[in-house]
Amino acid sequence: TQAYTLSLHDALPISYEIGSKNELFGRNLRFNVSAFYNDYRNLQVDSEDPTPYLGGMTNIPKSHIYGVEAELTLQLPQGFRIDANAAATDSRIDSHAMLLDPYVAQTINRMFGIFTPADLANRAAAFQDVHGNELGRTPPFSTTVSLAKTSDIGSAGTLTAFVQANY
């Protein structure tokens with residue numbers, strides 16, 4: 001057995017960000033843009049074990065994520081507003097860690113049943129070293145756009161209705 005001591009510094013990410021925040025045209029247009037780099041140590045990720053129900057969390061000793069993001073808010077006449085944001089990211093696991101993705105484990109369980117020989121064999125095959133992989137649930141691109149309309153409804157206050165699309 002090997003003893004390991006985790007210091008607070010080992011668990012904290014080192015984050016870098018540079019960007020610009022702008023309000024233009026009498027504060028009717030807000031445009032923010034930034035680039036970031038996050039260097040993680042011992043990032044906890046959801047994982048499974050090859051044996052069903054023995055999973056939980058796995059520490060990824062070293063990983064990073066970087067990207068750019070932009071936000072735009074445009075205030076229009078008659079209470080209309082457009083909000084948009086977009087982010088492009090990339091990530092990598094920089095160290096060796098063995099894990100089984102929980103979504104993969106669930107799919108295997110549904111396909112073969114739980115504790116069957118095929119279930120255990122497929123879970124064992126899916127339990128792998130994730131070194132060099134992307135971090136899970138980190139989309140390379142995401143965006144949201146919405147159109148909102150705020151209306152004054154007298155003494156009751158205001159009503160805001162909006163339509164939103166996400167990718």
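Here are some notes:
- Members of segment 90-124 found to be β-branched (Val, Ile, Thr), in a loop (DSSP other than H, G, I, E, B) and free of Cβ contacts under 8 Å to residues at least 12 places away in the same chain, listed by number: 116
- Taken over segment 15-50, the residue count meeting the criterion of being surrounded by 13 or more Cβ atoms within 10 Å (Cβ to Cβ) and within 30 Å of residue 120 (Cα to Cα) is 8.
- Within segment 53-64, residues that are in contact (Cβ under 8 Å) with a residue 24 or more places away in the chain sit with their Cβ atoms under 8 Å from residues that are exposed (fewer than 15 other Cβ atoms within 10 Å of the Cβ) and among the polar types (S, T, N, Q), at 6+ positions apart or across chains, in these pairs: 58/44; 59/44; 60/44.
- If you go through segment 73-106 and pick out every residue that is under 18 Å from residue 23 (Cβ atoms) and of a type in the set (Val, Ile, Thr), you end up with 2.
- Test for residue 113: is it loosely packed, with under 13 Cβ neighbours inside 10 Å and either in contact with an Asp or Glu (Cβ under 8 Å, 6 or more places away or on another chain) or closer than 25 Å to residue 15 by Cα (or both): yes
- Only residues that are outside any loop (DSSP other than H, G, I, E, B) and surrounded by 15 or more Cβ atoms within 10 Å (Cβ to Cβ) were counted in segment 125-141, giving 1.
Quick note: the coordinates plus some simple rules give every number you see, no bench work behind them. Note that this is a predicted model, so its numbers are computed, not measured. For neighbour counting, all protein chains shown are included, and Cβ atoms are generated from backbone atoms with ideal geometry for every residue, glycine included.
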